[in-house]
1. Answer yes or no: is there a residue in segment 213-228 that is over 20 Å from Gly319 (Cβ atoms) and not in a helix (DSSP H, G or I).
2. Is one or more of the residues making up segment 373-382 in contact with a Lys or Arg (Cβ under 6 Å, 6 or more places away or on another chain), free of Cβ contacts under 8 Å to residues at least 60 places away in the same chain and within 26 Å of Ile322 (Cα to Cα)?
3. Among the residues of segment 119-137, count how many are farther than 19 Å from Pro263 by Cβ and within 26 Å of the chain's Cα centre (by Cα).
4. Looking only at helices (runs of 4 or more DSSP H) that lie completely in segment 303-416, which have at least 1 residues being crowded, with 19+ Cβ neighbours inside 10 Å and not hydrophobic (A, V, I, L, M, F, W, C)?
5. Got at least one residue in segment 446-460 being under 22 Å from Val47 (Cβ atoms) and part of a loop (DSSP other than H, G, I, E, B)?
6. If I ask for residues that are in contact (Cβ under 8 Å) with a residue 60 or more places away in the chain and either crowded, with 17+ Cβ neighbours inside 10 Å or within 16 Å of the ligand (Cβ to nearest atom) (or both), which ones from segment 441-454 would you list?
7. For segment 262-276, name all the residues that are more than 12 Å from Leu343 (Cβ to Cβ) and either basic (Lys, Arg) or surrounded by 18 or more Cβ atoms within 10 Å (Cβ to Cβ) (or both).
Amino acid sequence: MRVSLVLPLVCASLCGVALSVCAADRAFTSYVSAKPVLNQPVDQLPVELRNPSEAKWVAWSQKEDKAIRGRLDQGNLDSMVNLLLYGTSFTKQPRIKVENLTEASRTGILRARVDDLIAGLRNPGDNERLTFLNALLRSHGIDPSSPGETGVFIYNQLQRVIQEIQILAKRGEEAKRLIQPNGAGPNGAPDPSAIFNWRAGLLRDRGVSLDTSIFPNFSIEQALRDLRNRGVLREGQVARVAVIGPGLDFSDKNDASSFDYYPQQTLQPFALYDSLLRLGLARSNAISMTIFDISSRVIDHIQRARERALSNADAPNTGYVIQLPRQLANPWPQDLIAYWRSLGDRVGSEVAPITPPSGLLSGIEGKGLETRAARIHPEVVLNCQAVDLNIVLERINLAEADRYDLMVATNIFIYYDAFERSLALENAGAMLKHGGLLLTNDRLPEVRGGSMRQAGLTDVQYNRDAVGWYQKR
Ligand SMILES: C[S@@+](CC[C@H](N)C(=O)[O-])C[C@H]1O[C@@H](n2cnc3c(N)ncnc32)[C@H](O)[C@@H]1O
């Protein structure tokens, strides 16, 4: 069993309400627990697990854990490409949309951005993104002070990402065609359950990225409101919550939400906390949140935020600040704008946002950015603890009283095939209370003899998103 070295120390000093999670037994899913998933038809199992045995399961799950964690590296390289195309912290060149890449190559803008990135990587200064990429390049045997090899490496990564985007676009078109006959609603809009199905596993052979933005949090608030209105969740019912894979905003793959003018940040834990209080589903003095992730960048980021919150808990103007830009060129529906305006008001207070660079402010077609920021209260940060856990292959063995009322996981299962998604569903189920819910925007195949069933779906009516509710039986 792998345990983060910093965890016991941090737990001893920082954990209050959630101590039981720190002390608990994190382990690979046992053969007995995985059995219902392994009992599926043989063609749905990985080749190595046909005619499964305990020895085969243990060998496969350990190998698979390494493989999954290894995919983070490629996700990091994808982020480097996003930064190359959209970043503003290292260059004054215009941003490049993927569809305009050929033109940008012809006019020399791409070349100029690559040169500026190479220069930035050579001397990152206090730019945390460039510092991270400098180390990433070194880990690939590239010396960032050598412009030639750095340039070739960057162009190769760009080419790989563009090829993957083309494959994905084809996959998306095929899937949409498949769902069209029964998948279109009365006004021609896609059926939410069809959307929910076609996304699943779409990125199964890509690097695992940390990309995150405001949109999935809006989807989750919509789902929580729906659950409250239908009486599935009641006032004050949620006390123990987990976010699986909150991500870290570095430089998003979508140009409309890709920014690097503010420090890296995580949004989902605070946005979810905020929504639970806004909807009255949790009480502010009785909430504890666990954040599960395989990325040490996410885990360390949250640990550092907690350490800062602990050392400054009583000082004014401390806490975790989230920057919330919104690009005006992409019109948002009124309810999303209302969500954006309120985000953070139950867990923090409004502060002056960081001013974006002038190029972003003047924006696309004269439409720039509207910005706001919120400072999250230190006590909220301290109620969130981060734990390294691979939800596909691991679980924490918790007593019933310590299990979660609610788990949230968005834009994570899209990286996994159907078998891995079933394993993840059952691992989440093992950590939920009876009747507890897992909310996710990717379909998870239910397992015969397993503990989780899909109880419903919320149509978010924005961004082709739908949120499924899986309930522990
Ligand atoms: C694309 S980001 C999504 C972030 C956020 N949930 C959102 O929707 O904006 C995926 C996140 O899931 C995490 N992740 C991916 N696979 C995981 C796994 N098997 N177990 C735990 N976390 C995982 C990644 O490290 C990353 O933080």
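1. Quick first cut of segment 213-228, residues over 20 Å from Gly319 (Cβ atoms) only: 213, 215-216, 218-228.
Still in the running and not in a helix (DSSP H, G or I): 213.
There is at least one residue in segment 213-228 that is over 20 Å from Gly319 (Cβ atoms) and not in a helix (DSSP H, G or I).
2. No, segment 373-382 contains no residue that is in contact with a Lys or Arg (Cβ under 6 Å, 6 or more places away or on another chain), free of Cβ contacts under 8 Å to residues at least 60 places away in the same chain and within 26 Å of Ile322 (Cα to Cα).
3. 1
4. On the way: elements: 334-342, 358-362, 378-382.
Ranges flagged: 334-342, 378-382.
5. Narrowing segment 446-460 to residues under 22 Å from Val47 (Cβ atoms): 447-448.
Subset that is part of a loop (DSSP other than H, G, I, E, B): 447-448.
Yes, segment 446-460 contains a residue that is under 22 Å from Val47 (Cβ atoms) and part of a loop (DSSP other than H, G, I, E, B).
6. Residues of segment 441-454 in contact (Cβ under 8 Å) with a residue 60 or more places away in the chain: 441-444, 447-450.
Of everything in segment 441-454, those that are in contact (Cβ under 8 Å) with a residue 60 or more places away in the chain and either crowded, with 17+ Cβ neighbours inside 10 Å or within 16 Å of the ligand (Cβ to nearest atom) (or both) turn out to be Asn441, Asp442, Arg443, Leu444, Val447, Gly450.
7. Tyr262, Gln265, Thr266, Pro269, Leu276
Residue by residue, here is whether (1) within 28 Å of the chain's Cα centre (by Cα); (2) among the β-branched types (Val, Ile, Thr) holds:
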position: Ser33; (1), (2): yes, no
position: Val42; (1), (2): no, yes
position: Leu45; (1), (2): yes, no
position: Val58; (1), (2): yes, yes
position: Gln62; (1), (2): yes, no
position: Asp65; (1), (2): yes, no
position: Leu77; (1), (2): yes, no
position: Thr88; (1), (2): yes, yes
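The values are calculated or read from the model by the stated rules, or taken from the named source; none is laboratory data. A quick note: this is a predicted structure, and the numbers were derived from the prediction, not measured. Positions of Cβ are generated from backbone atoms using ideal geometry, with glycine treated the same way; all protein chains shown enter the neighbour counts. Calculation scope for accessible area: heavy atoms of the full protein, side chains included, ligands and nucleic acids excluded. Shrake-Rupley method; radii C 1.70, N 1.55, O 1.52, S 1.80 Å.
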